[in-house]
Amino acid sequence: MLNVEKLSYRHGGRATGDRLILDAIDLHVNAGEIVCLVGPNGAGKSTLLKCINLIQPSQQAAMTLDGRALVQMSRRDLARAIAYVPQQSGTAMALRVIDMIALGRAPHRRWNSAAQDRRLVLAAIERLDLQALALRSYDELSGGERQRILLARALVQQGRLLLLDEPTSDLDLHHQLQAMTAAREIADAQGSGVLIAIHDLALASRFADRLVMLKQGRVVAQGHWREILTPANIEAVYGVSALIGSDHDIPYVIPMSHP
């Protein structure tokens, strides 16, 4: 569904120095599939999501969604096709939570769409357990609460592709599980592709169909977690030794020591 070929991205210029952030990335996401981008800080995970969403201008990349070149899509068509949740919530707008979530329906609004828009917004509020926050002002919420609101906004957008940048970083254990379960349900029920940048290797492995491991802007390995989460890969990418195992096919990774 999503196909990315030879995506590279450089940051900086003559004054600050030119730095290669992404180096010839090849990536694909199938319909109904969750792919998790894992790797250390600075590996290029967030930048890769921004390039796919055309927030950052990539170089020499061929990127298509359902066979359509992303660079040839209008901003409205792109917003209908791709839902993006950034790592940072940005400026806190003084909107009610229910109205903030409803912004996700903006690309789809028509003169007769109000009833469907309202139904989808209320369903997202229920799915992510946001009823108690629905009438509060978004700018009064904590970072974790705002993260859940942005995820709900992305869900009502109903994109063919869902891009999530560290969607669980500010959440407690209960809401981490809830957020990843919602992503899994979207992939299964709607056939959407989901691409997630995430640090939690165990959480990623539990919900992802494939892991893509990045280091210094390059793909080091990709595949099922049993193929990717090896002591050799963890040491090469993260610089630590780790204990890796599973309990009832649920993986865990415990960092042990620096080599």
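The values are calculated or read from the model by the stated rules, or taken from the named source; none is laboratory data. Since the model is a prediction, treat every value here as computed from it, not as a measurement. Cβ: placed from backbone, ideal geometry, glycine included. Neighbour counts: every protein chain shown.
The figures follow:
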quantity	calculated
Residue count for the range 13-64, restricted to those that are out of contact with any strand residue (DSSP E or B) (no Cβ under 9 Å at 6 or more places or on another chain) and closer than 18 Å to Ser169 by Cβ	1
Search result, residues across the range 83-139 that are part of a helix (DSSP H, G or I) and more than 20 Å from Gln158 (Cβ to Cβ)	Gln131, Ala132, Leu133, Tyr138, Asp139
Residue under evaluation Ala152, criteria (1) of a type outside the set (Val, Ile, Thr); (2) in contact with a Gly (Cβ under 8 Å, 6 or more places away or on another chain); (3) in contact (Cβ under 8 Å) with a residue 60 or more places away in the chain; (4) assigned to a helix (DSSP H, G or I), criterion not met	(3)
Any hit, the range 103-111, residues being among the basic types (Lys, Arg), touching a residue at least 12 places away in the same chain (Cβ under 8 Å) and surrounded by fewer than 19 Cβ atoms within 10 Å (Cβ to Cβ)	no
Selection count where residues are over 17 Å from Arg218 (Cβ atoms) and assigned to a strand (DSSP E or B), scope the range 44-75	6
Filter pass, Arg76 being basic (Lys, Arg) and either at pLDDT 90 or above or under 30 Å from Glu185 (Cβ atoms) (or both)	yes
Inter-residue pairs, beta-carbon under 9 Å, first free of Cβ contacts under 8 Å to residues at least 40 places away in the same chain and of a type in the set (Val, Ile, Thr) and in the range 49-66, second outside any loop (DSSP other than H, G, I, E, B) and surrounded by 20 or more Cβ atoms within 10 Å (Cβ to Cβ), 6+ apart	Ile55/Leu49; Ile55/Tyr84
Residue match in the range 165-173 (condition: among the aliphatic types (A, V, I, L, M) and more than 22 Å from Met93 (Cα to Cα))	yes
Search result, residues across the range 158-168 that are surrounded by fewer than 23 Cβ atoms within 10 Å (Cβ to Cβ) and not charged (D, E, K, R)	Gln158, Leu161
Test: residue in the range 156-168 that is in a helix (DSSP H, G or I) and out of contact with any helix residue (DSSP H, G or I) (no Cβ under 7 Å at 6 or more places or on another chain)	no
Count of the range 169-197 residues which are within 13 Å of the chain's Cα centre (by Cα), surrounded by 18 or more Cβ atoms within 10 Å (Cβ to Cβ) and assigned to a loop (DSSP other than H, G, I, E, B)	1
Selection from the range 55-64 of residues that are closer than 20 Å to Asn30 by Cα and out of contact with any helix residue (DSSP H, G or I) (no Cβ under 6 Å at 6 or more places or on another chain)	Ala61, Ala62, Thr64
